[in-house]
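Scroll down for the structure; my scribbles are underneath it.
The values are calculated or read from the model by the stated rules, or taken from the named source; none is laboratory data. Predicted model, so just to flag it, every value in this text is computed and none were measured. Here Cβ is always computed from backbone atoms with ideal geometry, including for glycine, and neighbour counts include all displayed protein chains.
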DNA sequence: CCATTAGTTTAAAACGATCTAATTGTTGAC
DNA sequence: GTCAACAATTAGATCGTTTTAAACTAATGG
């Protein structure tokens, strides 16, 4: 029933250590020996015992995913992508939802890593943007990969997967401009999230390129929530000079704006165009469906995990150029935006 | 830095095995010895090494959660509740999203359990309703807990957490009846999910109690999806005799019905009342917000895990009466339902 | 007061891998 | 042909627990 490394060794006529070498693709094993061992492994259907490996090597074959994101869709997509990569590499995923604003969050993360002896960690906003967490992880020598907003790879961001929110926001804003809108408002997310800043910058750049002066009243601070969208849109539509289009920092805010417009009897998109960001499943189900930018979260998560494994696995071919993947969310035009007639 | 069980033993002046006994609260340790050991553990801040424990006892301290649920909110809530319980008991959670319709799903589950040496498993629909999975798990002797639809505890459902969808659906239907509606339609979820059947039964019971004959055309088969809601509501409103209210099997279907009503220019709730089920976050954000039934998923998950641990832990006090928890989702009235004027 | 028994405690053997250090093979240079 | 240098292999120690089986106590009964 239970096949141990010992059985494999005997079956292949080599020592235990040699089998171990093959399992961890360590060097110093002749090609034909490798084949012999592989054959024995296949024949006996040998599956290494994770616990024994962990104990002996004092490292676990699992990576952690820490999150504090109210957006369930995002988290599920991330998990999916990470798990895909984990299965491929024979790792396991430890999920750890927590409160990013907790005062001893750094200690909590360190405890988690040390207690579970994690091989690595994947960080998404807001954790990926907390310098003290990155510093602490570096100090205790744990590999980690961050998924963050950014457009240009740089050596300082060596272990990052970048999402080019700037360019995507530029494209969305441009789409609104091309429809004839010039009075375009922007509903911000949390200031702490750099994605909000990047998207704002993209919006501003697009306006600037057309020579449109930014109206400071059109930029409304807020948070990544439905309620914030309701409030923000209400505030905008009470201005003497109203915008004809709203670019919301994410779909939830956009949904809130939609809700608010309905309360005020404003026709979408005839009187007001609204665009979101993220392509959440519900962005297709609002009325009218939201124009948005699609972020391939599952793929992003996969790449992040792959990047992590490249650092984590001791004997993987590290000479692969360690380029930083950059994802540009793509524009999805739906009914919530139309020309400014 | 690293404190082993050996250190504790020496510090307390007892043998390693005695410390082990205390750690796993096994019998045959005198009270004062226990105290002595506990003191040493606290003083040295001893934390047992999970890998070594797993290896030696050939069981892991983690439970699995298998799911195939397109509803991200539900899954996240479940994870949250399960993790809460796991942390409390020093266990870890292994998540395993998969495809319930895969032909070799049983083998996949068994492989997962055996490979990860899981201490137990939590099953939600549709897995909790697949008899061959339960049978297979029983055969290999793995503890598991199912979360299923049902109102009456029975010995056959010994390791279950019940959700009384029947009563909740009865209450929602009753709410619609009290508003004066008599022509109430029902949009079903997947037939395979017993929750859909239970809710339908609750709906029918409520009508029957008022002596209202069920109109078979008002019961529309479908699935737990937005699209199904769109189609179902469209079909209903094309009938010569239209319903004045729709009870959708979950919020997604209800959102679809809402969407469809908008397409057909039907005023909600004036011309048509719509109710959902589940209290998904977005049920508050539709226009108008949805009347629904609230399911405390986090709590349900916690209880499920607690139930599992009661069976799993070898030396826990098992004499606690093993009652089956029953949750009744509660009615939440919002703007999508109003009186039939 | 010894024999019996049940209750505690212990030293040492697993558990199934990795890692260390010593051994054996092979190659190329002089 | 010998030796150095390096590659390939191995036996055995090791990781930190649990488990086994034996040894030691303390209480009970005849």
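Points worth noting:
- Search result, residues across the stretch A:262-281 that are within 12 Å of another protein chain (Cβ to nearest Cβ) and surrounded by 24 or more Cβ atoms within 10 Å (Cβ to Cβ): A:280
- Residues of the stretch A:155-166 classified as in contact (Cβ under 8 Å) with a residue 60 or more places away in the chain and either part of a strand (DSSP E or B) or under 19 Å from residue A:195 (Cβ atoms) (or both), total: 8
- So residue A:258, is it away from every other protein chain (no Cβ under 13 Å) and at pLDDT 95 or above: no
- Looking only at the stretch A:21-30, and only at residues there that are assigned to a loop (DSSP other than H, G, I, E, B) and more than 8 Å from DNA strand C (Cβ to nearest atom), the one that is nearest to the other protein chains (Cβ to nearest Cβ): A:25
- All of A:141, A:189 fail the test of being in a loop (DSSP other than H, G, I, E, B) and modelled with pLDDT of 95 or more, apart from A:189.
- Some residue of the stretch A:54-64 being in a helix (DSSP H, G or I) and away from DNA strand C (no atom under 14 Å from the Cβ): no
- Subset of the stretch B:23-37 (residues that are in contact (Cβ under 8 Å) with a residue 12 or more places away in the chain and more than 9 Å from DNA strand D (Cβ to nearest atom)): B:25, B:27, B:33, B:34, B:36, B:37
For every residue, the table says whether it meets (1) within 12 Å of DNA strand C (Cβ to nearest atom); (2) part of a helix (DSSP H, G or I); (3) within 39 Å of the chain's Cα centre (by Cα); (4) more than 23 Å from residue B:55 (Cβ to Cβ).
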residue	(1), (2), (3), (4)
A:19	yes, yes, yes, no
A:32	yes, yes, no, yes
A:36	no, yes, no, yes
A:46	yes, no, yes, no
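- Residues (within 14 Å of chain A (Cβ to nearest Cβ), in a loop (DSSP other than H, G, I, E, B) and free of Cβ contacts under 8 Å to residues at least 60 places away in the same chain) located in the stretch B:97-130: B:98, B:99, B:116, B:118
- Of the residues contained in the stretch B:83-96, one or more are found to be out of contact with any strand residue (DSSP E or B) (no Cβ under 8 Å at 6 or more places or on another chain), within 14 Å of DNA strand D (Cβ to nearest atom) and not in a helix (DSSP H, G or I).
- Selection status of residue A:76, away from chain B (no Cβ under 12 Å), modelled with pLDDT of 95 or more and within 31 Å of the chain's Cα centre (by Cα): no
- Residue match in the stretch B:38-53 (condition: in contact (Cβ under 8 Å) with a residue 60 or more places away in the chain, within 12 Å of chain A (Cβ to nearest Cβ), within 25 Å of residue A:92 (Cβ to Cβ) and touching a strand residue (DSSP E or B) at 6+ places or on another chain (Cβ under 9 Å)): no
- Members of the stretch A:167-186 that are over 17 Å from residue A:220 (Cα atoms) and not in a helix (DSSP H, G or I): A:179, A:180, A:181
- Residue, farthest from the other protein chains (Cβ to nearest Cβ), within the stretch B:4-17, restricted to residues that are more than 7 Å from DNA strand D (Cβ to nearest atom) and outside any helix (DSSP H, G or I): B:13
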